[in-house]
Amino acid sequence: MSQDSDKVEYRMKKRNRVRRMVQLLIFVVIAVFCWHLYTQRDLWLPKLEGIGSRYENKVTQNDGELAEGNFPLLITGNTGYQLKLANDTLFLLHDNYVDLYSIHGDSRDSRQHAFQNAMLSTDGKYGLIYENNGKSFRLDTKNKNLYNKTVDNNIISGVVSEDGSVALITESGSYACSIEVYDNTGKRIYQRNCVNHVTDVIFHNDSKGCCFISMEVENGKVESKVTSVSFDQKEEQWTAAPLETLALYAGFTSSGTLCVVGNTSCAYYSKKGELLGSYIFDGTLIDAHLEDGRIALIVQDDQTRSTSLALLDQSADDISVTDLPATASCVRVFDGDAYVMSNGNVTSYDFSGRALATVALADSYTSFIRENGYLFLLGYDQIDRVDFKE
């Protein structure tokens, strides 16, 4: 037995020596490898940092230097102004004038009008100027005034389509309001009396018809109802189920889906008026904008007083929410990105909520528009321009 015990003990000692040698060898190999990595760090560390930078959220910092030369555009008078784009031309409506500028601030024309409470709407190459609570309107391009017309009843609001068709919501003696549509020569092509108040008109993509949104109160709740019509038919095409919100903005996507934004919710409708989806948000809507089905909302939570940016990417099922500064006041959607103005800066976001670029602003502005890599900043009595690259 003693010989067997000695043999077992010998084998165990041998096995332990082998294990210690293997462990020592592994340690030496690791040490040599680490030493090699350290000595070669100038070669591999930049590559590793480069890989990491691809996943880092880099926000482009624009310098915020305001354009000089023709800028700023100074506003005369004290009645306020409106600035909109028609193709590559700035339409500036103020006092009794509409001034036209290139995006570089070059003066193209200055045209006088005699409208009280003048309002401006643009689309494509056309600019519509109408007299709110008056009876006159006109249609312009950057080259000339196309026509001036008057209607029988006071104008409540108006919009122009990409082909120059004009839709006016007017008062009516026997109805809540009326809709009148004119082609780009000033010929009236459609008229409709409405039993409920119409808050907005949206031209179909082909400008051969429109959707209009009417408002009514049912059981103490505000409802908005969308109706689609064709200008060559008397009967309506369809009327969608009411949406329990006060509709504020609406627009079509390039594929024909209709987006409606209200003060408490927004919704998407098919070409046949079927509700595709809706999104209800809690809090107070500070501002909203939409472009080609992409909706951006600035919402302030009434309980926490926090402010957020809700982004809907062409669907009520594709939503991202991003925290914003409490001073966020204006949002615009341009070329598939959302731009948010807060005190001191404008920041752009993609529709996943990722910040892309920002620019610091030295002065205070109320709103802005974007074109060709520029932001046009609307101040109290002047318009500045700043570069904005993403």
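The values are calculated or read from the model by the stated rules, or taken from the named source; none is laboratory data. Quantities reported herein were computed from a predicted structural model and do not represent experimental measurements. Using ideal geometry, Cβ is built from the backbone for each residue, glycine included, and neighbour counts are taken over all protein chains shown. Accessible surface is based on the protein model in full, side chains and every heavy atom, while ligands, DNA and RNA are left aside. Shrake-Rupley method; radii C 1.70, N 1.55, O 1.52, S 1.80 Å.
Which of the residues belonging to the stretch 93-109 are surrounded by 14 or more Cβ atoms within 10 Å (Cβ to Cβ), assigned to a loop (DSSP other than H, G, I, E, B) and free of Cβ contacts under 8 Å to residues at least 40 places away in the same chain?
Asp95, Asn96, His104
Taking Leu309 as the residue in question, decide whether it is of a type in the set (A, V, I, L, M) and farther than 22 Å from Ser214 by Cα.
Spelling it out, Leu309 is indeed of a type in the set (A, V, I, L, M) and farther than 22 Å from Ser214 by Cα.
When Gln382 is evaluated against the numbered criteria (1) under 27 Å from Ser254 (Cα atoms); (2) open to solvent by 20 Å² or more (accessible area, probe 1.4 Å); (3) over 11 Å from the mean Cα position of the chain (by Cα), which criterion, by number, is the only one it fails?
With respect to (1) under 27 Å from Ser254 (Cα atoms); (2) open to solvent by 20 Å² or more (accessible area, probe 1.4 Å); (3) over 11 Å from the mean Cα position of the chain (by Cα), Gln382 is out only on (1).
Test Ile286 against the stated conditions and say whether it is β-branched (Val, Ile, Thr), crowded, with 20+ Cβ neighbours inside 10 Å, under 14 Å from the mean Cα position of the chain (by Cα) and assigned to a strand (DSSP E or B). Working first, answer last.
Numbers: β-branched (Val, Ile, Thr): yes; crowded, with 20+ Cβ neighbours inside 10 Å: no; under 14 Å from the mean Cα position of the chain (by Cα): yes; assigned to a strand (DSSP E or B): yes.
No.
In the stretch 239-256, which residues are open to solvent by less than 30 Å² (accessible area, probe 1.4 Å) and either outside any strand (DSSP E or B) or in contact with a Leu (Cβ under 6 Å, 6 or more places away or on another chain) (or both)? Show your work before the answer.
Filtering the stretch 239-256 for residues open to solvent by less than 30 Å² (accessible area, probe 1.4 Å) gives 240, 243, 245, 247, 250-251, 253, 256.
Ala240, Thr245, Gly251, Thr253, Gly256 - these are the residues of the stretch 239-256 that are open to solvent by less than 30 Å² (accessible area, probe 1.4 Å) and either outside any strand (DSSP E or B) or in contact with a Leu (Cβ under 6 Å, 6 or more places away or on another chain) (or both).
For the stretch 60-75, how many residues are exposed (fewer than 13 other Cβ atoms within 10 Å of the Cβ) and touching a residue at least 60 places away in the same chain (Cβ under 8 Å)?
4
What's the total number of residues in the stretch 307-353 that are of a type in the set (Asp, Glu), on the phi < 0 side of the Ramachandran plot and not in a strand (DSSP E or B)? Full working, then the answer.
Narrowing the stretch 307-353 to residues of a type in the set (Asp, Glu): 313, 317-318, 323, 335, 337, 350.
Remaining after also requiring on the phi < 0 side of the Ramachandran plot: 313, 317-318, 323, 337, 350.
Going one step further and asking which of them are not in a strand (DSSP E or B), we end up with 317-318, 350.
Total meeting the criteria: 3.
Would you check if Ser121 is over 27 Å from the mean Cα position of the chain (by Cα) and closer than 22 Å to Ile213 by Cα?
No, not satisfied.
I want to confirm something. Restricting to the stretch 123-149 and keeping residues that are in contact with a Gly (Cβ under 9 Å, 6 or more places away or on another chain) and of a type in the set (Ser, Thr, Tyr), which single residue is surrounded by the fewest Cβ atoms within 10 Å (Cβ to Cβ)?
Top of the filtered list is Tyr147.
Scan the strands (runs of 3 or more DSSP E) fully inside the stretch 124-237 and keep the ones with 2 or more residues being within 22 Å of Thr257 (Cα to Cα).
155-160, 166-170, 197-203, 209-218, 221-230
This table checks each residue for (1) aromatic (Phe, Trp, Tyr); (2) assigned to a strand (DSSP E or B); (3) modelled with pLDDT of 95 or more.
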residue	(1), (2), (3)
Val261	no, yes, yes
Tyr279	yes, yes, yes
Asp282	no, no, no
Ile298	no, yes, yes
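Keeping to the stretch 319-333, report how many residues are surrounded by 15 or more Cβ atoms within 10 Å (Cβ to Cβ) and out of contact with any Asp or Glu (no Cβ under 9 Å at 6 or more places or on another chain). I'd like the intermediate steps shown before the answer.
Residues of the stretch 319-333 surrounded by 15 or more Cβ atoms within 10 Å (Cβ to Cβ): 319-320, 322, 324, 328-333.
Among the residues that remain, those that are also out of contact with any Asp or Glu (no Cβ under 9 Å at 6 or more places or on another chain) are: 322, 324.
Qualifying residue count, the stretch 319-333: 2.
Do we find that Tyr268 is within 24 Å of Gly220 (Cβ to Cβ), at pLDDT 95 or above, open to solvent by less than 70 Å² (accessible area, probe 1.4 Å) and assigned to a strand (DSSP E or B) in this structure?
The answer is no for Tyr268.
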